[in-house]
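The values are calculated or read from the model by the stated rules, or taken from the named source; none is laboratory data. Because the structure is predicted, anything quoted here is derived from the model rather than measured. Here Cβ is always computed from backbone atoms with ideal geometry, including for glycine, and neighbour counts include all displayed protein chains. These accessible areas exclude ligands, DNA and RNA; they are computed on the full protein's heavy atoms, side chains included. Shrake-Rupley method; radii C 1.70, N 1.55, O 1.52, S 1.80 Å.
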Amino acid sequence: MIVDCHTHIFSPEIISGREEHVQREAWFSHLYGAPNARMASARELVAEMDRCGIDRAVVCGFAWNSFDLYVETNSYIANAVSRFPDRLIGFANVPPLHPKALAELERCLDLGFRGIGELKPEGQGFDLADGASLKPLAGMAAENGLPMLVHLSEPVGHLYPGKGGTSPRKGFEFASKHPGIRLIYAHWGGGLPFYELMPDVREALSNVWYDCSASPYLYRPDIYRVAIDVLGRDKILFGSDYPLISPERYIQELDSLGLREEERNAILGDNAIALLGLEKA
Ligand SMILES: [Zn+2]
């Protein structure tokens, strides 16, 4: 069973209103201002999953400015999950500091969402290292056992749209302050796995998993072997960031590496099945 733990979908209405959102929404224009940046609906995602042999996918929305667009997108995701209940797993997104954030999250919980994210600190105007103001959201995630997918990025290297400045250090601080939340740090945690070679850091990050989303744009394929050697195979999750990159490309990359079968299975599905409490197909 293959589980893609990091995809993004938009409603057909938002896709067709793309130009209007580019005018009004700063972070959206940053990522989708270029006409060749792809957007996908739930139906397109499921078609791509069928084509690539992906069984299930976590679906996320977007880091909007407008609170109403969060509500609209969360509702679209809930509807998509109800149309494809065996394929899609909904993650809710809210701007963590908004006065109505927790109420919206409550609504999403009632709708059957299974996690929170992808949180994008720069796009959503908060600082991941700011423990005090994130406490209410973190508390709710911990109480309800909701894993939280968070965008981190490399403090070095080339710039790209949406990179942001949420560094491994901020990810470390947040995870160590909130050991009760299971965290998925996107994009290999911006390089945080390297520091898990330090025993105290490893201990503090026992609640953190890492996804490989955007890996083909960022790292040589050797990253998988290195990450398995540093972290062990249980903390690594397959996430494509579709439609940014097709899941197919990751599977080809993984299959070129000669990983052991149990390592491949852990990354492509077993770890996500355990983390998200999914039924094994
Ligand atoms: Zn991201």
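Note on the range 202-236: residues that are in contact with a His (Cβ under 9 Å, 6 or more places away or on another chain), open to solvent by less than 20 Å² (accessible area, probe 1.4 Å) and not hydroxyl-bearing (Ser, Thr, Tyr) amount to 4.
Could you please give the count of residues in the range 187-222 that are within 16 Å of the ligand (Cβ to nearest atom) and of a type in the set (A, V, I, L, M, F, W, C)? Adding up the residues that qualify gives 7.
With respect to (1) within 16 Å of the ligand (Cβ to nearest atom); (2) part of a helix (DSSP H, G or I); (3) surrounded by 19 or more Cβ atoms within 10 Å (Cβ to Cβ), the lone exception for Gly239 is condition (2). Between Pro179, Pro161, Pro155, the distinction of being surrounded by fewer than 20 Cβ atoms within 10 Å (Cβ to Cβ), within 14 Å of the ligand (Cβ to nearest atom) and assigned to a loop (DSSP other than H, G, I, E, B) belongs to Pro161 only. Counting the residues of the range 223-246 that are under 19 Å from Glu154 (Cα atoms) and under 13 Å from the mean Cα position of the chain (by Cα) gives 7. Scanning the range 1-12 for residues that are touching a residue at least 40 places away in the same chain (Cβ under 8 Å), away from the ligand (no atom under 16 Å from the Cβ) and either β-branched (Val, Ile, Thr) or assigned to a helix (DSSP H, G or I) (or both) gives Ile2, Val3. Within the range 114-144, the residues that satisfy the criterion of being open to solvent by 40 Å² or more (accessible area, probe 1.4 Å) and farther than 19 Å from Phe67 by Cα are Arg114, Asp130, Ala132, Lys135, Ala142, Glu143, Asn144.
Checking each residue in the range 74-91 for being open to solvent by less than 10 Å² (accessible area, probe 1.4 Å) and in contact (Cβ under 8 Å) with a residue 40 or more places away in the chain picks out Ile77, Ala80, Leu88, Ile89, Phe91. Within the range 251-273, can one find any residue that is within 16 Å of the ligand (Cβ to nearest atom) and either more than 15 Å from Thr7 (Cβ to Cβ) or open to solvent by less than 10 Å² (accessible area, probe 1.4 Å) (or both)? The answer is no; no qualifying residue exists. Note on the range 247-279: residues that are closer than 19 Å to Trp209 by Cβ, within 21 Å of the chain's Cα centre (by Cα) and either part of a loop (DSSP other than H, G, I, E, B) or of a type in the set (Lys, Arg) (or both) amount to 3.
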